[in-house]
Amino acid sequence: MIELQKQQSFVIEILDYVSKKRNKHGSLLSTSDAQVAQVLNQEKDGSVIYVYDDVTSNGEGGLVTHFAIYNPTSKDHQVIHVYSQRVFVASCSVNQEKTLMAFTTIKRDSSNVVGDKRIGKEKYNAFIAEIKAKNPRVFSLNLVRETFLKVQFLYEDKPAEKETFLLVMLHKESIGLYKIPLARVANGMVMRGQPKTEQIARKFMWCQWDNINQQLFYLHYRSDGHGNKQHLLTCLQFFNDAAHDHVLDVPMNFPVASKSSGRYYANVPLHNGIPDTSVNACVLTHNSGTFCFCYQYHVSSSDKKTKSSPLPRTSPLQRTSPLHHSSGYQKSPTGSDGETTDINYYICMVHHAKTIHGCVSSIPENVVRKAMVHFSWMGDLVMVMLPGYFVHLLNVGMEFEPCNHILLHNKSSMDNITSSIEQSSKTAESSSVSDVLWDSNMSLPVMSLAAEHLVFSSNYSLLGKESGNYLLERNSGDIYKIHINLYNLIQAFTHCHMSMTRTALLHYVILRVRDITLLKQMFLVLCNDIPSPEVPGLMSEFLIAMTYSGMRRQLDREVLRLLPFTSTEPFRGQFDKGINGDRIATVSYSQIHSVNIGTKSAKERQQRRGNVGDDWLDNLRRHLHWMQLCKSRRFTLDTVRKAFRQMLVAEETNLENKEDEQFLSQIRIKKSKMKGLTDTVSNYGNKTDSALGPVPNFLVGSTVTLSSEMMMSLTKDILVKHLTTYLNRDGKVKANAVAKEYVICQQTQSRLLCHMLWTLRGQGSQEFKYNEHINLSVKGNLEDYEVFQLLERYILVTGDVMFPVPAGFPSYFATIGFRCLNIRMFMQYVEHGIIQLTGDFMVQFIAELYDNTENVKLKQYVISKLPQLLAVECYKIWAHPICNQYLSYHQVAQILEDKSRIDSTSLDRSDDSRRSTFSQSSSSNTYLEDVSFQPLNSFFCYLDKLDKRRSSLDRQSPLDFQVLEEVALHHTTNETHYDMGTVNF
């Protein structure tokens, strides 16, 4: 899924430039001089400092060390100083005016070199050189140490004229600030006196310099008053004239190795701290206020717990092929067949006052001993990576509470088998990984075998490059760009073994990629595995996350942090399993109990006039203060669910009456003519509309079901109350508008999900076309049943997360349910409230089923499940002899049963009112005169008198004597066995 694309590297450009220059001078270098140049530092203005050994410009004498600056923008090289002899330089920095240069040299014993590391008693010496004087001078700082010594000039808003400032970091000893006085001469600036020193930090074990923000982070320990040592991360902010402020102290709530077995310093290009190989840590900050301290915990050999040999690398399994893992596999050239152990890392999220502990299991022990886990930004995610083995994308941004982390491993990821590059690496399986040749135009999957040898610098962001997207390889100096392979993302989503990882991938695409076509492909995977228990959870995640994404474009951060953004519980542990079910990674959380942060704003710290924007420290302090005081929780739909259930109990009668009224209105309207096709329809957007295609008939319109209307109203009321509780005075004014927009967005996303599911499965099944009629007399096939299953999960999910349902969906769902289920199963769905017998469905049901003996019984059975009022209306539409018989019997019986009540009330009325009532029914009297069968005519006249009195009281519909006559004659002729000729009338 995550791939590396090699980019043009200025480190390689520097090496090429030096090589050409040496060849031009005819320098004769031995094999030991293979390293043509060493890239040391990059200053705030983007200039890169490097050194190389060459003869002097006149070509005389031996090799001496040259100090040069490279401008990545103009691609210009400039030699700024030539040292008198050949030395090994460990650190270098140039001041803002480019007049002074500080550097550190090492006197090294060639016998103390192991690989690329320098060991033991090496002497570090610091110097300052004038680089623009007529006769440049070099001064020693009289600092000779056996530990690493780093120098770094401070940069200000404008060049200093009287003095410049230098930081000197003595590893495991102290950090000092040197104030160097300057004097202007004809050719530039020179030193005019001894520097003044100030100790700004004592003994420390690790440090990192942020050249962009001019901040120094260092890790040290202090006593807690009980004799216990506690590690502390401290941040110093530097301003003009070397003014500095102690802005942050964070106690570490995880184990930190205090001592190392020896002093090993790696030769890392562009390293902005102490390159101690025993400490792998870095600070990652973001302008939003996100602050993370990342640390890899090295377990000593005595503490390591060996585990059984891991499974060989194999392709992740299809979920339908659980026994496929016994097939062939690739072997790792690093020797994964031996003992295995764990890699532990910690992400201290100061902005959330939490620490993430990640543990990755089953890593070969020989890999763990030298493993350098990489930490960097990838957007607002922290990427934790060990190439060839795992990549974790941790959702640690300030906008969201941590959850939905993407955990990818070589035992559960599909990168190894889906990338075309990996196929080419199989041919080099027996050779060394370093011998595999890669085309620079090809992408290298992070989890591939050929990526295992890559070691990236964690604590450096390349100036001029987008932070987090470009990585510097420590050994070769190559620069790689990180990008997401969307095809492999779909493959990872399809084949990952954990539902948590699959949900995290969906969440990532919704909130960060925001590509409807990609979402459609992911849901196509779900449509191919409809019975999976993961489908409802992924639908819930889609609805909630898409609603948040829709609101995100129009609301500020204060309101957004109160709205739900995921269906996953935040701050909940997460894990990943391999093919055989063994747990291969865990992510857990611990609390940070105290954070000491400065109270001065950016304007107060910088002591500037005018408007000064907030920096990340201001945003961090404000966020921590808000967390401490408000302790608010995001709006949860569980509160709506509980309140809605209580409302249904209280408003049951009212809701039933409204549903009956809607049923009657549907059943009396011609479905093909007057259905709400003229309603305004909210569009998803041009790109979404083109991806999903035309809207099916049952989704046309913007109305929702009656229960959904009640639900939306309740959601709005509860959300308004929640917002007014936690928003400030200005925010409370817009609470009603936000709540109204939120429920509308819920409606849009529910409709979008239903449309997407229908597009993926519905339109491909038999007769399920955009505008074609679905005939109930034709039973559905297997594809139709899959559509029913998918929409069944949709209706259950919307009810669970309290999202509205389109008004046309219940009728459509009942239609496909009737086609796909046997009648007993169909009626069970009806009795449990999953399928609703709507008026539209009953009209179609009565009209399309032919009235044979079996279907007549079926119609009677289904209609009998309706309330009596609705069943009577269905009988009127059916117009079957059975229906007419029932209606006639029911109407006559009702009139006769009400005779006593009519006599006690209506007989007391005046003659005028009687005459008025009779005159209103002249049409019925006319029909009675036409009834030739006198016994029946006499009975109708009697019923007519009773019905007139009854209608004046209850306003019932008038009697239909024509129907009564037909039913009576039909009954007399066909169902009565008496000889009517013997009856004395």
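Tabulated data for the structure shown
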read-out: Among (1) modelled with pLDDT of 90 or more; (2) of a type in the set (D, E, K, R); (3) more than 30 Å from residue 566 (Cα to Cα), the one test that residue 793 misses; value: (3)
read-out: Tally, over the stretch 180-221, of residues that are open to solvent by 70 Å² or more (accessible area, probe 1.4 Å), part of a strand (DSSP E or B) and either in contact with a helix residue (DSSP H, G or I) (Cβ under 8 Å, 6 or more places away or on another chain) or not aromatic (Phe, Trp, Tyr) (or both); value: 4
read-out: Flag if residue 188 is small (Gly, Ala, Ser) and at negative phi; value: no
read-out: Candidate set: the stretch 861-882, residues that are part of a helix (DSSP H, G or I) and at pLDDT 85 or above; chosen: the one farthest from residue 658 (Cα to Cα); value: 861
read-out: Unique match (being at pLDDT 85 or above, open to solvent by 10 Å² or more (accessible area, probe 1.4 Å), β-branched (Val, Ile, Thr) and more than 17 Å from residue 809 (Cα to Cα)) among 725, 705; value: 725
read-out: The stretch 128-145, residues that are within 14 Å of residue 105 (Cβ to Cβ) and surrounded by fewer than 16 Cβ atoms within 10 Å (Cβ to Cβ); value: 138, 140, 142, 144
read-out: Per-region count, the stretch 359-411, residues under 13 Å from the mean Cα position of the chain (by Cα), buried (at least 20 other Cβ atoms within 10 Å of the Cβ) and over 23 Å from residue 470 (Cα atoms); value: 5
read-out: In the stretch 469-519, the residues that are part of a helix (DSSP H, G or I), under 25 Å from residue 544 (Cβ atoms) and open to solvent by 40 Å² or more (accessible area, probe 1.4 Å); value: 486, 499, 500, 512, 513, 517
read-out: Candidate set: the stretch 571-599, residues that are farther than 23 Å from residue 348 by Cβ and in contact (Cβ under 8 Å) with a residue 12 or more places away in the chain; chosen: the one nearest to the chain's Cα centre (by Cα); value: 577
read-out: Wholly within the stretch 768-841, helices (runs of 4 or more DSSP H) carrying at least 1 residues that are without any contact (Cβ under 8 Å) to a residue 40 or more places away in the chain and open to solvent by 20 Å² or more (accessible area, probe 1.4 Å); value: 782-800, 823-831
read-out: Any chance residue 698 is at pLDDT below 90, aromatic (Phe, Trp, Tyr) and open to solvent by less than 50 Å² (accessible area, probe 1.4 Å); value: yes
read-out: Spans of strands (runs of 3 or more DSSP E) in the stretch 259-314 with at least 3 residues buried (at least 18 other Cβ atoms within 10 Å of the Cβ) and modelled with pLDDT of 85 or more; value: 280-285, 291-297
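The values are calculated or read from the model by the stated rules, or taken from the named source; none is laboratory data. Just so you know, these numbers come straight off a predicted model, no measurement behind them. Positions of Cβ are backbone-derived with ideal geometry, glycine not excepted, and every protein chain shown enters the neighbour counts. These area figures cover heavy atoms from the full protein model, side chains too; ligands, DNA and RNA do not enter into them. Shrake-Rupley method; radii C 1.70, N 1.55, O 1.52, S 1.80 Å.
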